[in-house]
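A short write-up of the structure that comes next.
FYI, it's all coordinate maths here, none of it is from the lab. No experiment lies behind these values; they were computed from the predicted model shown. Neighbour counts are summed over all protein chains in view; Cβ atoms, including those assigned to glycine, are modelled from backbone coordinates with ideal geometry.
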Amino acid sequence: MEQFRKTTGDSAPPRSSDTLVGPAKAFETAGPTTECIEPSALRDADGNTLAAEETPGDTAARVQWTASLVALTVTFAVLIGAVLWHLGMVFLTLAPANSVTNRYQQGINGYIYPEFGQNWQMFAPNPLAQNVSVGARVQTLGRDGTRHTWDWENLSFSHIEAMKHNPVPSHLDQNVLRRSWDFYTESHDLKDKPTNGMRSTLSTEYLTRIALQRFGRQWNGERIIRIQLASRTNAIAPPKWTGEKAPNTTAYRVLPWWPVKEKFYKEL
């Protein structure tokens, strides 16, 4: 056996266990030996950093990206401008008449109609530009059958006083008297003839009931038998920059005497 080992065996001495290289160790040590050098680490013979060379493809990509960014910015700005222009034109179409619409009405209509025509109102079609005060006086019947006509009472004054210095004035103080007067004038002509059938009659009774809330059933101890209402209107001066002038006049409208009926006091 020793002869056999000497003649047929490996003559090299066996390696110790710490010198054997297994498959895992071989793979770890195997591999390329090329080192990756960052562009900033490239230096010339004098130690100066060398700039990385730019290929034609990089230049074209940068130019294309810049052009796309400019195109998107311009498109976005144009779209925003178009939206604002359209909303402004629609706003002027729905807004009450003013110095801008009076001057550029033809151009506004040319843009809006017929494609963008509006059939609703964003604001009041005829905003109030007047100070309107409503007053009333009554006629009473004395114990001896004599009729007495009393002085005018400013019905609007009490409502205005109730709204002064009040951050949340009531709906009654703000609108009831004004709306009742508008209801009457819209359903009667200047000669106080009804123009809207039953609504005209209803407006007369409604205005009478609102006025009687101020007087009650008696005035100065005598029963009220008739009532008369009137209005005083002063135009509000427009802003100076409009160049418009308000008429410096006061208009009065005096309604006829109306008989006071018991039904007018119902639920007052």
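Estimated at 0.36 nm per residue, the fully extended path between Leu79 and Arg179 surpasses their Cα-Cα distance by 31.5 nm. Here r is the Cβ-Cβ distance between Leu172 and Ala235 and R0 is 35 Å; the resulting FRET efficiency, rounded to 0.05, is 0.85. Residue ranges 61-72, 183-194, 225-236 sort as 225-236, 183-194, 61-72 when ordered by packing (mean number of other C-beta atoms within 10 Å per residue, highest first). Please tell me which of these pairs span more than 27 angstrom C-alpha to C-alpha: Lys193/Lys263; Lys164/Lys193; Lys191/Lys245? From the list (Lys193/Lys263; Lys164/Lys193; Lys191/Lys245), the Cα-Cα distance tops 27 Å for Lys164/Lys193; Lys191/Lys245. Look at where the Cα atoms of region 242-268 and of region 122-192 average out, and the two centres are 6 Å apart.
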